[in-house]
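A short reminder: the numbers here are calculations on the coordinates, not readings from a lab. Everything numeric in this text was worked out from a predicted model, so none of it was measured. All Cβ positions, even for glycine, are placed from backbone atoms using ideal geometry, and neighbour counts span all protein chains on display.
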Amino acid sequence: MSGTQTGFMTGPVVTDRDRAVQAAVAQGLVGPAEPVAGLLDVAGIRRSAAELRSAFAEFTTPGTPVLHAFAVKAASLVPVLRLLVDEGLGCEVASPGELALARAAGVPAARTVLDSPAKTPAELREALALGIAVNADNPEELARIDGLVASAPTGAPLGLRVNPQIGGGSIGAMSTATETSKFGVGLRDAGARDWVVRAYLDRPWLTRLHAHVGSQGMPLPLMAEGVRALFDLAEEINAKAARPQIDTLDIGGGLPVNFASDVAAPTYREYAELLSTAVPGLFSGRYGLVTEFGRSLLAKHGTIVARVEYAKSAGGRPIAVTHAGAQVATRTVFAPDAWPIRVAAYDAQGLPKTGEPVAQDVAGPCCFAGDLVAENRALPPLESGDHAALLDTGAYYLSTHFAYNSLPRPGVYGYVADPSGAGRFATVRTPQTLQELAAESGAAHADGMRALK
């Protein structure tokens, strides 16, 4: 699909997602030639962005600077970033590549925040020259910034990331506020809090304070506790500086997502309301605010549609062998208990399948036994030529491709539907060709190793 718009098919569909799956099959976006594709609900993304802005605006004193910086790692796709910029958001980047994507999407420097535990001198110099906000991760990085600021003064807002060390959530690998987390300065380590205070008092240009304690599996009260620790530290520093040196608090993101149903929960309003109670003063206007939500903005608005290539059985259990496995659903395949996703069954025309559910495995194309996106899942029987849809996959699944077996990256398409049943598709990312895959894998240097004697 090379254009930006195509028509939807109409028929006995129920939801916009069903309508989009049917249209994707009818238009050949997914089928024998392209057996897997990602779909993004544009109206849903816009709605989530509006809900985020509205939730914080409701509790924040009018006139308070608030930047909602989308975590680019959650959907590293330039058209998605451009759409979010249109909706009033900025970008939080954590690598040179993510910064390049944000710049390609037209994200202004003033709406960009650089967070990373391993920034190089070149990355820091670029950010400072562009005027991008930077949060230093550790004392060594802060010392590096000292030298850069001394040699080339900058107007970039600068801050320090701290770890309140309040504990983790239900997914250890995603928990960023544990005692030994690799992120930030651990406030409860011996002497660390005093060091942080002194670091600010010695650097009048250090005006922001950052903590990111949220993640999937993190309860909201614990997230609020982390924000409270950040707020209290800012108050202490400003009191000792005898002036409002810290003018902005970056409270991170990490709002959990409900992967069990279509219900979006918890909501941004629930979180903002909790913060208004748990952290009195946060929304008073004394501090500008930055957030870094990612997964919660996109997850519910994405669907991966994969063709069922074969239907078979083993040990008495049916198995649907599809083209969506670890390459697109890496976390689900390798950590299914932490990252379960819903699967919906569609027929060869892309219509929702009916029939008595049967316990079956939904397998991917990767060449290892554990490549399963659903195991012993009750679904209408999937047959060759049908389609399996992986739901709630708008964040991470479409942009963090796992190149196992050299499977090409699938195409990604945005869609909009209206009550009449009409709608439009827009290309977000074209499917990767086998030639592009070979080039990425060093085809131009095929003889390079042979030349070494």
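In table form, for the structure just shown:
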read-out: Distance in nm between pseudo-label sites at ARG82 and THR64 (7 Å out along the Cβ direction from Cα); value: 3.4 nm
read-out: Sorted peptide list for 439-447, 325-333, criterion being average Cβ within 10 angstrom, highest first; value: 325-333, 439-447
read-out: Protection proxy ranking, peptides 60-72, 237-249, average beta carbon neighbours within 10 Å, highest first; value: 60-72, 237-249
read-out: HN-Hα J in Hz across region 268-274 - Karplus 6.51, -1.76, 1.60, θ = phi - 60°, x for Gly and Pro; value: 4, 5, 4, 5, 4, 5, 4
read-out: Computed [θ] at 222 nm, helices only, for the chain once each DSSP H run of length n ≥ 4 contributes -39500 (n - 2.57); value: -8500 deg cm²/dmol
read-out: HN-Hα J in Hz across region 403-412 - Karplus 6.51, -1.76, 1.60, θ = phi - 60°, x for Gly and Pro; value: 7, 4, 6, 6, 7, x, 5, x, x, 10
read-out: Overall form of region 346-441 per C-alpha gyration tensor (a/c, 1.5; a/b vs b/c); value: oblate
read-out: Global form of region 61-293, assessed from the alpha-carbon gyration tensor, a/c cut-off 1.5; value: rounded
read-out: Anchor LYS312: lysines whose Cα lies under 30 Å away (excluding residues fewer than 8 positions away in-chain); value: LYS353
read-out: Peptides 260-269, 405-414, 98-107 ordered by average Cβ neighbours within 10 Å, highest first; value: 405-414, 98-107, 260-269
read-out: Backbone HN-Hα couplings from phi across region 195-203 [Karplus 6.51/-1.76/1.60, Hz, Gly and Pro as x]; value: 5, 4, 4, 5, 4, 6, 4, 7, 10
